[in-house]
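To start, the structure under review is shown below, and the notes come after it.
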Amino acid sequence: MAALICEVVYRGIFQKNLAARIVRGIVLSARKSDRWGIAFGRYGDSPQRNGIPAKDFAIVADSKEELEQNMARYEPKHVDVTICVDDTLSKGVESWAWYGLQPINRLTVPNGTVLMTSLQSFDQLLEDIHKKDAPYKLSLIRAKASFSGLWVYKEDHTEVRILGALAKIAPSFLKLAGVCEAIAEMEWGSDLKVASARKSYDRLETREVKLTEGNTEIPYSFEMPKWWEMREGVTIPAIPIGKPKEGGQGYVPERNPYFKKFTTRTMRPVIDFDTCVKCNLCWISCPDSCFDVMPDATFDANMEACCGCGVCEAVCPVENCITMVNESVFEDNASQWEMWRKDKAAYKTWLITKIGDKKATARSHGFRFRGQYEEELKRDLDVGGVEIAAGIPGENAQHKTAGESEGA
Ligand code: SF4
Ligand code: SF4
């Protein structure tokens, strides 16, 4: 008797439907492979929030009895495969319902697999993925993070690519033929999606990760309140008033001291303080009160509070003053304003490097038009969506298109 336990770590709201389709696909593929399966979610219920990590689980078992035994647990404490469909989650996972930062590989069993969609190299990813006390495998499907699933599901084949890869990782539970049969049934006989799954099966890149490899940072944690410290009834204290920044000037709003949003964003704002016209729009519009008002009346986005929604970039009236940049190119959460104050010339160089990186500033939100996937197949881009940044209303992003050369 044996079981295959998978978790899908996804960005709340943006990847909700994508994750649901992956776990549903696992269960259907299991049935087509003469196995039993079940899927369920955790932390994805209200208050699911934009970008905040959530999880779905899928369990595949040899027999109904084995499946029931696994279902008796509230949620799996260990998983054979951790599936991650946004590689910026390699920095860790911090859900509204967890307590501090979880390394992405925390639940992965020794010699288990972390399966990721990414265009980064193994070594680049291992700079972010925390060290684990056991060896495991890192498997990559070459693709961008897919943000195709808000309330509707815009197609980009990520879910079938994951299923094809799983057939390679766990062939005794999910047979490639079973996966293909399930996809054909789910997708009304789409040969194209079956071809995608097969391609992912063939092209999956896997590398062993040794005990010594990975990010040595100690993940952020805090002491949970004891039950005897809880107050009677349900009371939620109001957020206290903030404080001046320094010398009685500026303003730092009070924030949740426990819920840091280090890992909730795929992109973060990079601010050009030299061109800021101090219009306040970013400060007013930010849904998470991220901006500190600095003593010179510019605004610094606090990286412990920013969830990476991109609203500030959309409202900023100055070209290139706020630019959203992929989280993977940053090593820390330090204040940009302090860096700028210390050395303005060095900051300018840093800023130009960050916002000039077309791969880090372009984004894909899934396929935009019928036939896009066929077009990509023809060009053999295999990167999970061509750039669509130019022309998105309000994204201030005309200059961000990666252009034809990428991935070609
Ligand atoms: S991206 Fe901008 S608006 Fe959104 S949370 Fe971060 S600072 Fe606030
Ligand atoms: S919206 Fe742009 S210009 Fe206005 S205060 Fe914010 S950073 Fe400065």
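The values are calculated or read from the model by the stated rules, or taken from the named source; none is laboratory data. Model, not experiment: these values are computed from the prediction. Neighbour counts are summed over all protein chains in view; Cβ atoms, including those assigned to glycine, are modelled from backbone coordinates with ideal geometry. Protein only, heavy atoms only, side chains kept; ligands, DNA and RNA dropped before computing areas. Shrake-Rupley method; radii C 1.70, N 1.55, O 1.52, S 1.80 Å.
Annotation: of all residues in the range 330-339 being open to solvent by less than 30 Å² (accessible area, probe 1.4 Å) and of a type outside the set (S, T, N, Q), the one that is modelled with the lowest pLDDT is PHE330.
In the range 107-218, counting only strands (runs of 3 or more DSSP E) that sit wholly within it, the ones holding 1 or more residues that are open to solvent by 30 Å² or more (accessible area, probe 1.4 Å) and of a type outside the set (D, E, K, R) span 108-117, 205-209. Of all residues in the range 301-329, which are open to solvent by 10 Å² or more (accessible area, probe 1.4 Å), within 13 Å of ligand 2 (Cβ to nearest atom) and of a type in the set (D, E, K, R)? The answer is GLU319, and nothing else.
Look at (1) open to solvent by less than 20 Å² (accessible area, probe 1.4 Å); (2) touching a strand residue (DSSP E or B) at 6+ places or on another chain (Cβ under 8 Å) and you find that LYS16 fails only one, number (1). Only one of the numbered conditions (1) within 15 Å of ligand 2 (Cβ to nearest atom); (2) within 20 Å of TRP350 (Cα to Cα) is not met by TYR251, and that is (2).
Given the options LYS261, LYS342, name the one that is basic (Lys, Arg) and either crowded, with 22+ Cβ neighbours inside 10 Å or within 12 Å of ligand 2 (Cβ to nearest atom) (or both).
On the way: LYS342 fails: either crowded, with 22+ Cβ neighbours inside 10 Å or within 12 Å of ligand 2 (Cβ to nearest atom) (or both).
Result of the check over LYS261, LYS342: LYS261.
May I ask you to list the residues in the range 20-47 that are modelled with pLDDT under 85 and open to solvent by less than 30 Å² (accessible area, probe 1.4 Å)? The answer is GLY44, and nothing else. Within the range 264-290, the set of residues being touching a residue at least 60 places away in the same chain (Cβ under 8 Å) and more than 10 Å from ligand 1 (Cβ to nearest atom) comprises THR266, VAL270, ASP272, PHE273, ASP274. Taken over the range 286-300, the criterion of being polar (S, T, N, Q) and open to solvent by less than 40 Å² (accessible area, probe 1.4 Å) is satisfied by THR298 alone.
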